[in-house]
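Contents: one structure, followed by commentary.
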Amino acid sequence: NAGVTQTPKFRILKIGQSMTLQCTQDMNHNYMYWYRQDPGMGLKLIYYSVGAGITDKGEVPNGYNVSRSTTEDFPLRLELAAPSQTSVYFCASSYLGQNQPQHFGDGTRLSIL
Amino acid sequence: AQTVTQSQPEMSVQEAETVTLSCTYDTSESDYYLFWYKQPPSRQMILVIRQEAYKQQNATENRFSVNFQKAAKSFSLKISDSQLGDAAMYFCAYRSLNSGNTPLVFGKGTRLSVIA
């Protein structure tokens with residue numbers, strides 16, 4: 001099993017450009033999450049999904065959109081990239097249940113210039 | 001809202017020695033989960049250990065153990081027989097047990113260096 005796979009690993013965008021960060025998991029997990037990690041900080045939740053067709057906002061959703069058309073995929077879209085969105089983005093997934101650990105991808109380092 | 005505080009931005013330990021990383025949290029809830037995650041230079045977040053608040057017994061995973069003090073809202077991580085591969089950022093995280101898919105709340109992390 002590959003676990004949680006994120007692409008790309010690195011990307012540089014110009015202000016105002018758009019892009020989609022891809023995330024896929026092969027563990028048949030119900031829940032999927034997108035976090036951002038700013039330098040010297042812990043992870044903050046952007047969006048999450050409890051299943052296909054269902055998404056909810058996290059702590060810092062502004063400037064992002066998500067969709068969950070399948071159990072496996074949970075892409076994160078930036079419509080108008082801003083310097084404040086420079087960060088490392090992590091996708092994670094887990095089974096149903098509050099005690100279930102989240103499995104993380106390797107992260108995407110995104111710079112907006 | 002819950003908060004998680006890691007008061008030690010950086011720690012170091014000699015190889016084979018023991019080190020304790022501190023974590024405190026603020027909550028009004030009685031049931032919740034606590035986690036320690038490790039983030040090595042590869043950036044991947046790896047679950048180290050987890051603790052259910054309703055369990056009095058401290059969780060252990062091989063060389064990793066916790067000291068869970070519920071009344072003090074403290075959840076420290078002890079690493080015994082430290083190895084070079086333990087060098088990483090360590091994040092403490094809280095998760096409510098309330099209904100719905102509540103997110104993890106992370107601390108800012110502690111960077112652990114292991115000295116050979």
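Points to keep in mind about this one:
- Residue list for the stretch A:12-31, filter: closer than 12 Å to A:Ala81 by Cα and open to solvent by less than 100 Å² (accessible area, probe 1.4 Å): A:Leu13, A:Gly16, A:Gln17, A:Ser18, A:Met19, A:Thr20
- Taking the stretch A:78-101 as the range and being outside any loop (DSSP other than H, G, I, E, B) and either within 15 Å of A:Thr55 (Cβ to Cβ) or open to solvent by 40 Å² or more (accessible area, probe 1.4 Å) (or both) as the test, the residues that pass are A:Pro83, A:Ser84, A:Cys91, A:Ala92, A:Ser93.
- Residue list for the stretch A:37-54, restricted to those being within 11 Å of another protein chain (Cβ to nearest Cβ) and open to solvent by 20 Å² or more (accessible area, probe 1.4 Å): A:Gln37, A:Asp38, A:Pro39, A:Gly40, A:Met41, A:Lys44, A:Tyr47, A:Tyr48, A:Val50, A:Ile54
- In the stretch B:81-107, the residue that is farthest from the other protein chains (Cβ to nearest Cβ) out of those that are surrounded by 16 or more Cβ atoms within 10 Å (Cβ to Cβ) and in a loop (DSSP other than H, G, I, E, B) is B:Ser82.
- Counting only residues that are free of Cβ contacts under 8 Å to residues at least 40 places away in the same chain, within 29 Å of A:Gly40 (Cβ to Cβ) and not polar (S, T, N, Q), the stretch B:52-69 holds 6 of them.
- Hey, A:Asn62 out of contact with any Phe, Trp or Tyr (no Cβ under 9 Å at 6 or more places or on another chain) and either of a type in the set (Lys, Arg) or within 22 Å of B:Ala1 (Cβ to Cβ) (or both) or not: yes
- Strands (runs of 3 or more DSSP E) fully within the stretch A:1-77 counting 2 or more residues that are of a type in the set (S, T, N, Q): A:4-7, A:19-25
The values are calculated or read from the model by the stated rules, or taken from the named source; none is laboratory data. Note that the structure is predicted; figures quoted are calculated from it, not measured. A quick note on method: Cβ atoms are made from the backbone with ideal geometry, for glycine too, and the neighbour counts reach across all protein chains shown. The area values use the complete protein model at the heavy-atom level, side chains included, leaving out ligands, DNA and RNA. Shrake-Rupley method; radii C 1.70, N 1.55, O 1.52, S 1.80 Å.
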